[in-house]
Amino acid sequence: MEPVDAHEEVHGVGRRARGGERLGGWGLMQAAGCCALSGYAVWALLLMPGFRRVPLRLQVPYLPASPQQVNNVMRLLGGRSGPLADLGSGDGRIVLEACRRGFSPAMGYELNPWLLAVSRLRAWRAGLRGRASFQRRDLWKVDLSNYDNVTVFLAPSVLHQLEHKLATELPDGARVVAGRFPLPTWAPAAQAGDGEHRAWLYHVQRSDGTHAEPGQLPGSHDKM
Ligand SMILES: C[S@@+](CC[C@H](N)C(=O)[O-])C[C@H]1O[C@@H](n2cnc3c(N)ncnc32)[C@H](O)[C@@H]1O
């Protein structure tokens with residue numbers, strides 16, 4: 001058996017350890033690269049499909065409303081009934097809850113086919129198939145004139161344009177509830193919840209029966 005050189009042994013281990021650190025650093029970089037790539041794949045394949053024809057500035061990624069947010073939206077719609085549309089309905093949670101609370105028809109408009117499939121499956125499992133519906137439609141192209149109740153949870157960057165659409169299309173007496181981000185120029189009639197779970201209620205009221213311009217819709221500031 002070869003005699004062991006203690007000095008070489010100690011320094012050899014040190015060198016290997018340092019090599020290991022270098023390998024560890026490289027490994028870390030690889031892991032970070034893999035994470036970034038997987039993140040991008042999830043984003044591109046699952047969260048963003050369906051947006052090919054939507055201008056980049058109007059694309060809003062999927063983020064589900066929290067259970068508290070859903071609850072706050074429903075509190076603000078308390079006592080209401082009739083047709084409801086959720087614009088960008090995600091996995092359908094707002095539409096399904098609205099349907100449970102008697103809104104009819106309860107409709108979700110969504111572009112992402114994966115989320116539509118999930119929504120329909122959830123409706124079927126909840127026994128709400130046929131009462132809660134989901135359509136693959138660009139929300140900017142949906143005619144809202146038949147909806148008395150509209151819910152939205154969209155990015156602040158698109159809300160100004162949304163105000164214009166809501167103001168020109170919704171009927172007198174309609175209600176809009178915005179989750180997480182308020183409409184930029186409309187005065188809310190009430191709000192519910194705090195922080196990221198907050199929701200704002202807006203009344204669509206036109207004294208002359210015509211469509212109002214954004215920023216002209218009245219409202220007080222009740223907190224629920
Ligand atoms: C922030 S998520 C909200 C999801 C759901 N409303 C909720 O509260 O859980 C916004 C959703 O809008 C959808 N969306 C964005 N732009 C859209 C468009 N132009 N037409 C239809 N859906 C759209 C996205 O795919 C995403 O699911």
Residue in the range 112-131 that is aromatic (F, W, Y) and not in a loop (DSSP other than H, G, I, E, B) present: yes
Residue under question is G79, and the condition is that it be within 8 Å of the ligand (Cβ to nearest atom) and within 26 Å of E169 (Cβ to Cβ); does it hold? no
Residues of the range 122-163 that turn out to be within 13 Å of the ligand (Cβ to nearest atom) and among the aromatic types (F, W, Y), as a count: 3
Identify all residues within the range 63-76 that are more than 9 Å from the ligand (Cβ to nearest atom) and surrounded by fewer than 23 Cβ atoms within 10 Å (Cβ to Cβ); write none if there are none. P67, Q68, N71, M74, R75
Only one of these conditions is not met by D91: (1) within 18 Å of L128 (Cβ to Cβ); (2) part of a loop (DSSP other than H, G, I, E, B); (3) within 13 Å of the ligand (Cβ to nearest atom); (4) touching a residue at least 60 places away in the same chain (Cβ under 8 Å). Which number is it? (4)
Checked against (1) at positive phi; (2) modelled with pLDDT of 95 or more, R120 satisfies every condition except (1)
Of the residues in the range 132-176, those that are part of a strand (DSSP E or B) and closer than 12 Å to V204 by Cβ come to N149, V150, R175, V176
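The values are calculated or read from the model by the stated rules, or taken from the named source; none is laboratory data. Computed from a predicted model, the values in this text were never measured in an experiment. No Cβ is skipped: glycine too gets one built from the backbone with ideal geometry, and neighbour counts run over all protein chains shown.
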